[in-house]
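The values are calculated or read from the model by the stated rules, or taken from the named source; none is laboratory data. Note that this is a predicted model, so its numbers are computed, not measured. Cβ coordinates were reconstructed from backbone atoms using ideal geometry, including for glycine residues, and neighbour counts include every protein chain displayed.
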Amino acid sequence: MSTSTFPVSPTTGEPISTMARRSRLGLWFFIVADVAGTIALVISYTYLWSLNVNGGWAPPGATLTASQTNTALPSTPPKATFAAEWPFWAIFLVVVIATALMWFGYRSARSGNHAGLMVGAGLSFLVTVAALVFQWIQISTFPFDAGDGGYASAVLLLCASNIFHLLLLLFLGMGIFMRARKGLIDKTNWYQAQLTSYYMTWVCVAFILGAILTTFLVVSPNTDPAIFGTFKQQ
């Protein structure tokens, strides 16, 4: 049977099935690389938390426990404390909503509901913008700096990874919305919305891993850390 009988891509003229297969393979390679980077962050955080080398895990002056950071803080808190847990979960929830909206748009495209695709992709983009704003507010209001111990640097790195993921989602979401608006995503050519939904689902996993770490691995269990000496600037 001639390939001309199959739906073809409006941009390359190739069969959509060929484009989808090629793009799907590329996405899985990208997700594998992203997973490796995220696992590296998780291992680094856990390693620093468990060893507490030189007692340098907790920020200086961090006298509040993980559960206490969810209560009202004093009017003049110490310079450096542990971060409250609930913002990590709140941002994760916003990303889940954005992902659900993209899945709605994708399924609408497969069923031929172009209006549903536009609504799902557009709202997903806006919710992702909100998640990026919330993440920026959180990272800019932490009661510690990157140099305030292993916990501070590990948390800031996790949040920087979140920002990177959100910027990617904004790029993908805008692309899906603009292509849908131009009619390039429809009932016969929906694979781009599907692959974006897949990637957003992985991003939700990355965000929940960070939330779990910053909720349950806060105070180091190593109360007698190893001392490897000190470094002095010459």
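Residue under question is residue 160, and the condition is that it be surrounded by fewer than 19 Cβ atoms within 10 Å (Cβ to Cβ) and free of Cβ contacts under 8 Å to residues at least 60 places away in the same chain; does it hold? Give the derivation first.
Values: surrounded by fewer than 19 Cβ atoms within 10 Å (Cβ to Cβ): yes; free of Cβ contacts under 8 Å to residues at least 60 places away in the same chain: yes.
For residue 160, the condition - surrounded by fewer than 19 Cβ atoms within 10 Å (Cβ to Cβ) and free of Cβ contacts under 8 Å to residues at least 60 places away in the same chain - is met.
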With the structure loaded, tell me whether residue 224 is within 29 Å of residue 49 (Cβ to Cβ), in a loop (DSSP other than H, G, I, E, B), modelled with pLDDT under 95 and not hydrophobic (A, V, I, L, M, F, W, C) or whether it fails that test.
yes
Starting from region 34-48, take each residue that is touching a residue at least 40 places away in the same chain (Cβ under 8 Å) and list its partners that are in a helix (DSSP H, G or I) and of a type in the set (S, T, N, Q), counting only C-beta distances under 9 angstrom and pairs at least six apart or across chains.
37/161; 38/161; 41/161; 45/214; 48/153
Subset of region 81-134 that is more than 19 Å from residue 172 (Cα to Cα) and among the polar types (S, T, N, Q) - its residue that is surrounded by the fewest Cβ atoms within 10 Å (Cβ to Cβ)
111
